[in-house]
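Worksheet: one structure, shown below.
The values are calculated or read from the model by the stated rules, or taken from the named source; none is laboratory data. These numbers were taken from a predicted model, which means no experiment stands behind them. Glycine also receives a Cβ, built like all others from the backbone with ideal geometry; neighbour counts cover every protein chain displayed. Areas reflect the complete protein model, heavy atoms only, side chains present, ligands, DNA and RNA absent. Shrake-Rupley method; radii C 1.70, N 1.55, O 1.52, S 1.80 Å.
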Amino acid sequence: MGDFEDRVGRALGAGAEDAPAAHGLADGARRRLRARRRRLAVAGVAAAVVAVVVPLAVFGQDGGDHNVSDPVPPADSLEPDAADTEVSCVGWVSWPVSAMVEGIPNDVEEADVRDAFVRLQAAPGIDAPRAIQEQGGDAAPYIVLAVSDRVTVVGVGEWTSDGPRADAQIVELKQTSNGLKAVGWSDCRRLSVALPEGRSRVEVTAPAGGVDPTTTSPQVLVHEGACTSGRDPRAHLGEPQVTETEGGVYVTLSSQAFDGAATCVGNPRVPLTLHLDEPLGDRQLYDAGTWPPTPIRVARADEQWQTVAQDHARAELPPGWHEVECGSDGGEHPVFGPTDVDPCEFGAYAAFYGGATYDALQFSGEVTRSEEDGEVRWSGYVYAGDWVLSAASPDRDVTLRILASARTDGQPVVVADQWAAGAAGDAEWRYPTRWGLGGDPDPTYGVEVSARPGGERVEQSLPEQLDQAHVRMYGDVGTHRITVTAPSRAVAELVLSSVVAGEG
Amino acid sequence: MDEVGARAVPASFDDWVEARGPALLRLAYVLTGNAADAEDVVQDALSRALPRWDRISRVEDVDAYVRRMVVNAHTSWWRKFRRRESPAAEVRPEGVVAGPGEGLGADERHLLWAACQALPVDQRTAVVLRYYEQLEYGEIAALTGVREGTVRSRVSRGIAVLRDAMGDERGERDG
């Protein structure tokens, strides 16, 4: 550190000696917390009532019987900083949440606003904002949301801290030589938390089955809302902003705005792993990029898939599936299935069978569709050590997820709740997204397509267990040899059986 | 200066505040430049930490966590009231003579203090964290949520302004 910097440090240190005494800080923090909670409660009540009260108070209408409904308790999602949160539905200007309750301080003359409303009511007629049509430009309630150099944004109709009510809209007013003029209006139904320039909102949603509440690294799906020519968002994402409270976890995500002209194709929805201080547990997860924050479905205990075992074999089964004994070949055999159907009819079930004696009509990993009496059934089987896991259900995704979870004790737990498509040349296949393991993709898993060597065609090789988490299998499809490296034999079989390739 | 991050963490909120509160107040005082705002910033941060104390008290470095809350509260507070703030436009160092062997007279301290308070908030925060808290650039970057290069730039520009204000022509650089 240089001499000057040292002097700066000492000057600051000397100045710090004049800091106030730290008496009663903890008690002061408690008082402030209580006060803030009271303010929030009041704000929540006010948000429900203000839409009725403010127009009357401000514009002097009526004065009689205000049918004020019971106040709505403040939303659990209203965090202490909520009132200061900047939100927008137009992109180029934003306003604090508190503005939607009471407006912002401003010097915009009410008479000028009313004149603009009256002209708006007269000109576009039935296209004018509903509150102005129904209550008149001289009476419709409004609040000033934002004032910029060129445009004043007002909210017309009933607004709460959550945004516009059914009849409410925003109106953009521009100063002209003839006074304020309405230059645009919209319903403002999709409020987002304002982002810095150059950033775009990214939607956060739950994967199939909901977000895992038991881990500090739960996986969510993310999706860019803006037109981005369908790019993979992962290279453009910022760090997720995660705020954890007693009752909820709030995630805000943005991406680098697309540079240049973009086509508006369907953007991909890709998995992303969050990092929390604690597992979600009973707390709710929110996409805090919207206003109000949007709840994201969390898988609850009664929705959790369950692990079943047969010796060293393991599998994950849907929540609520239970074990029954089904008679076969003169004996009883444990079979798992849902409670609303009879698993012993094998329309929806999972069961382990001895691999050595399993008599199959199809290759392992093939999941086929059948229909009987109008009931669809997707069924298949895979190997797990010395056992075969056989499963069926009316839902192909459920059958695939059950089968993909088959493993031996110690192998990774594959959660194949999403599948992706892979291709090379004319060969195509499907595989569990991120190989069903979440987190960053393991580059050692994959599918290799090569020319089929001479000699006898191999439908499906025996598995080569490379280590506890890597199994390799291959098979010949058309003119190709397909080699799959996967977390388990079951996944390798499912991927290999999905390959479609031409003969050319 | 206080090494806020170097001490053991008491288990309860009250114990922790009693032990670390004075250091937080000093940091807030250096950041805000006056006692009322320093208390406001610290109370604000502590009142937000309180309902989450069970979790915060288990993080690896509680001091750093709460210090970050104080810095955030400061920048948030500053943003909220910046239109009302009117830092000294200019610092006049005439007549300041460092005492022999002391190197830093009371007048110079006052002038440096005033010049520091007149810095833009981002620069002031970076300078305070670097030379008062003596944090590394990477730590400041993590604490303020910007890239290390940005921190270096803010510190460098802040120091340049202070040098200019103090009429210091030397170009010593801190690595």
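A few notes on this one:
- Normalised contact order of segment A:306-408, rounded percent, pairs of Cα under 8 Å and 6 or more residues apart: 27
- Length gained when the stretch residue A:413-residue A:223 is fully extended (0.36 nm per residue, less Cα-Cα span): 65.8 nm
- Accessible area expressed per residue, segment A:419-501, with surrounding protein chains retained (probe 1.4 Å, Å²): 45
- What you get for segment A:306-408, charging only the Cβ of Lys and Arg (+1) and of Asp and Glu (-1), is a dipole of about 520 debye around the Cα centre.
- Euclidean distance of C-alpha centroids, segment A:129-204 and segment A:426-504, integer Å: 56
- A:172, A:197, B:133, reordered so the largest accessible area comes first (probe 1.4 Å): A:197, A:172, B:133
- The solvent-accessible area of residue A:275, taken with every protein chain present and a 1.4 Å probe, is close to 140 Å².
- Between residue A:357 and residue A:232, the modelled label-to-label distance comes to 4.8 nm, taking each label 7 Å out from Cα in the direction of the beta carbon.
- Share of carbon and sulfur in the accessible heavy-atom surface of segment A:350-398 [1.4 Å probe, %]: 45
- Counting only protein chain heavy atoms and rolling a 1.4 Å probe, the accessible areas of B:148, A:323, A:366, A:316 rank, largest first, as A:323, B:148, A:366, A:316.
- Counting 0.36 nm for each residue step from residue A:423 to residue A:246 and taking away their Cα separation leaves a gain of 59.2 nm.
- Label-point separation, residue B:34 to residue A:148 (7 Å along Cα→Cβ), nm: 3.3
- Take the accessible area of A alone and of B alone, subtract that of the pair with a 1.4 Å probe, and the total buried over both chains is about 3900 Å².
- Computed from label points 7 Å out along Cα-Cβ, the spacing between residue B:59 and residue A:176 is 5.3 nm.
- Within 10 Å of each Cβ in A:98-106, the average number of Cβ atoms from other chains: 0
- Of the solvent-accessible surface of segment A:434-482, computed with a 1.4 Å probe over protein heavy atoms with every protein chain present, carbon and sulfur atoms account for 49 percent.
- Based on C-alpha pairs under 8 angstrom that are at least 6 apart in sequence, segment A:419-501 has a relative contact order of 30 percent.
- Computed over chain A: relative contact order in percent, which uses C-alpha pairs under 8 Å that are six or more apart: 8
- Two-decimal ratio, segment A:363-460, of alpha-carbon radius of gyration to 2.2 N^0.38 Å: 1.22
- One quarter of the surface of the convex hull around the alpha-carbon atoms of chain A equals 39.5 nm², the direction-averaged projected area.
- Dipole of chain A, positive direction: furthest Cα of A:337, A:261, A:419, with charges on the beta-carbon: A:261
- Only protein atoms count toward the accessible area here, which uses a 1.4 Å probe; on segment A:199-296, the carbon and sulfur part of that area reaches 49 percent.
- Burial order of peptide ranges A:162-170, A:418-426 (average beta-carbon count within 10 Å, highest first): A:162-170, A:418-426
- Segment A:96-123 and segment A:7-22 have Cα centres lying 48 Å from one another.
- Here chain A carries DSSP beta bridges of which approximately 95% are antiparallel, counting only pairs with both residues inside.
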